[in-house]
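Peer 1: Before we start, here is the structure in question, set down as structure tokens.
The values are calculated or read from the model by the stated rules, or taken from the named source; none is laboratory data. These numbers were taken from a predicted model, which means no experiment stands behind them. Please note: Cβ atoms are built from the backbone with ideal geometry, for glycine as well, and neighbour counts cover all protein chains shown. With ligands, DNA and RNA removed, areas are computed over all heavy atoms of the protein, side chains included. Shrake-Rupley method; radii C 1.70, N 1.55, O 1.52, S 1.80 Å.
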Amino acid sequence: MPNVIECEPSEVQTWLSEETAILIDVREDPELALARIPGAIHLPMSQFDPKNLPQSDGKRIAFLCAKGTRSQQVSEYLVHNGLLNEAFNVTGGVAAWLQAGLPCE
């Protein structure tokens, strides 16, 4: 059964380091000025089009926003509409990422 899986920022960072995941940042343009996660692909929720998702080539696709709510909504939309079999939501979003001391620009 398709589902949305919550994951910790440190877990996603490990996946990115191992090149086993793609990180999609659904925050809006002005929010990127606060912090940008290296390697994340920016697809703002207000303009989100599933056609713009990159080919995963078997990698996990994780979604990130400021605190985890919008990324959860995007993940649920994609899974419930059969566009992804599973999606990973970064618990706590960028706020948790920064709190964990993970890389950002």
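Peer 1: Taking the convex hull of the Cα atoms, report for the chain its projected area averaged over all directions, in nm².
Peer 2: Answer in nm², one decimal: 6.0.
Peer 1: If each DSSP helix of 4+ residues adds -39,500 (n - 2.57) and the sum is divided by the residues in the chain, what number results at 222 nm, nearest 500 deg cm²/dmol?
Peer 2: That comes out to -8000 deg cm²/dmol.
Peer 1: Rank 87, 56, 100 by how far each Cα sits towards the positive end of the charge dipole of region 19-103 (+1 on Lys, Arg Cβ; -1 on Asp, Glu Cβ) and give me just the farthest.
Peer 2: Checked the options; the winner is 100.
Peer 1: May I ask you to order 13-22, 85-94 by the average number of other C-beta atoms within 10 Å around their residues, highest value first?
Peer 2: Taking the mean over residues of other Cβ atoms within 10 Å, the ranking is 85-94, 13-22.
Peer 1: Expressed as a whole percentage, what fraction of the accessible surface of the chain belongs to carbon and sulfur atoms when a 1.4 Å probe is rolled over the protein heavy atoms?
Peer 2: Summing carbon and sulfur atoms, their accessible area is 49 percent of the total for the chain.
Peer 1: Simple spin-label model, 7 Å along Cα-to-Cβ: residue 32 to residue 77 in nm?
Peer 2: A separation of 1.8 nm, rounded to one decimal place.
Peer 1: Given +1 on the Cβ of Lys and Arg, -1 on the Cβ of Asp and Glu, and no further charges, what dipole in debye does the chain carry about its Cα centre, rounded to the nearest 20?
Peer 2: For this selection, approximately 140 debye.
Peer 1: Something else now. Taking amide H atoms as placed 1.01 Å from N in the peptide plane, list the residues 5 or more away in sequence, or in a different chain, whose amide H sits under 5 Å from that of residue 5.
Peer 2: 87, 88, 89
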